[in-house]
Amino acid sequence: MQAASSADGVAPARRTPRIIGAALLAIALALGLAAPVAAQRSSASRGAPAGQFDYYLLALSWSPGFCAAGGAEKGRSQCDLGRQLGFVVHGLWPQYAGNGYPSECAPAARFPSRLALEGADGVFPDRGLARHEWRIHGTCSGKSPTDFFADVRRARDAVTIPAAFKTSPDTQRWTVLDLKRAFVAANPGLRTDMMDVSCRRGALQEVLICFSKDLRAFTPCGERGPPRCRAAFRVDPMR
C-alpha cells in the first residue's frame, strides 16, 4: 500500500503513514468514494498453478476496431483488405471470480507443437496469436495445447454472432446495453451480467463472454472493474 499524502500532495511530518492511510480510507468509505477493488490490485498472477481458476472468459475481437487501432500498421494478416473479418477469437482466458487471472502458469510447455497448432487453424486469425495465447493463458488451463485449442474452438462455436455483426459494410452506432441485448437474444442462456464490452477511443474493440470452467454453460462474470466502454460507441465497418 502506498503512503497516504496530505491534500497538497506532501506527506505530513511526524505522522505514521499507516495511520494516515487508515484515516483516509475510513473517510472514503464513509463518502462512498473508495476505488473499486479491481482498480486496487494487480490483475495478473504470473506463474500461478495451472488449472486453478474459477471460470473462462472468451474474448471476441472486432477485427475492424483492432485494425483501426494499430493492427494494420503492425502488418497483421487479419487486417488485409478484402478479408471482411468481423468478430475473431482473441483468446480464452482462465479467470478468478474475485478479479484477476493466472498468467504463464507452470509447469507447462511454453511452445505448442506444430501438430497442436494445426488444431488452432481457423480459430485464431493466425498462428502467431495462437502461440501467444497458449503461452500467456493456455498454460493456465491445466490442459495440453491440443486440448486447450479444442476448448477455444468449442467456446467460439457456442456463441452465435447477432445478424447485425455478420455483415457490417457501414459504420454503426451502438450502446452497451443494446449490444448486450442483441447477443442475449441470439444466445439462449446468456444474460447481460455474463458478458462485457470493451472499447478504445470510442470504438468497439471486443465482446467478452464468460463461460463455466467446463464450458458447458454461460456464467456470470466476476469483478470486471470500471466500465470498458462509454454508454454509446462506434462500430467500424468490415474491410
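I need a count of the residues in the range 156-167 that are in contact (Cβ under 8 Å) with a residue 60 or more places away in the chain and either in contact with a Phe, Trp or Tyr (Cβ under 6 Å, 6 or more places away or on another chain) or surrounded by fewer than 17 Cβ atoms within 10 Å (Cβ to Cβ) (or both). Give the derivation first.
We begin by selecting, within the range 156-167, every residue in contact (Cβ under 8 Å) with a residue 60 or more places away in the chain; these are 156, 159, 161, 165-167.
Remaining after also requiring either in contact with a Phe, Trp or Tyr (Cβ under 6 Å, 6 or more places away or on another chain) or surrounded by fewer than 17 Cβ atoms within 10 Å (Cβ to Cβ) (or both): 161, 166-167.
Of the residues in the range 156-167, 3 are in contact (Cβ under 8 Å) with a residue 60 or more places away in the chain and either in contact with a Phe, Trp or Tyr (Cβ under 6 Å, 6 or more places away or on another chain) or surrounded by fewer than 17 Cβ atoms within 10 Å (Cβ to Cβ) (or both).
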*Examine the range 160-167 for a residue that is assigned to a strand (DSSP E or B), of a type in the set (Val, Ile, Thr) and closer than 14 Å to Phe87 by Cβ, and state whether such a residue exists.*
no
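Condition test on Ala108, is it small (Gly, Ala, Ser), at pLDDT below 95, outside any helix (DSSP H, G or I) and buried (at least 17 other Cβ atoms within 10 Å of the Cβ)? I'd like the intermediate steps shown before the answer.
Values: small (Gly, Ala, Ser): yes; at pLDDT below 95: yes; outside any helix (DSSP H, G or I): yes; buried (at least 17 other Cβ atoms within 10 Å of the Cβ): yes.
So Ala108 fits the description; yes.
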*So which residues in the range 125-137 are at pLDDT 95 or above, in contact with a strand residue (DSSP E or B) (Cβ under 8 Å, 6 or more places away or on another chain) and not aliphatic (A, V, I, L, M), if there are any at all?*
Glu133, His137
*Scan the range 200-217 for residues that are over 16 Å from the mean Cα position of the chain (by Cα) and either acidic (Asp, Glu) or closer than 15 Å to Gly189 by Cα (or both) and jot them down.*
Asp214, Leu215, Arg216, Ala217
*What single numbered condition from (1) in contact (Cβ under 8 Å) with a residue 12 or more places away in the chain; (2) more than 16 Å from the chain's Cα centre (by Cα) fails to hold for Arg181?*
(1)
_Residue satisfying all of: in the range 62-118; touching a Phe, Trp or Tyr at 6+ places or on another chain (Cβ under 9 Å) and among the aromatic types (Phe, Trp, Tyr); nearest to Glu223 (Cα to Cα) among these_ = Tyr96
*Which of the residues spanning the range 184-239 are part of a strand (DSSP E or B), open to solvent by 30 Å² or more (accessible area, probe 1.4 Å) and of a type in the set (A, V, I, L, M)?*
Ala232
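The values are calculated or read from the model by the stated rules, or taken from the named source; none is laboratory data. Here the structure is a predicted model, which means the values were calculated and not measured. Backbone-built Cβ (ideal geometry, glycine too); neighbour counts: all protein chains shown. Ligands, DNA and RNA are excluded from the accessible area calculation, which covers all protein heavy atoms including side chains. Shrake-Rupley method; radii C 1.70, N 1.55, O 1.52, S 1.80 Å.
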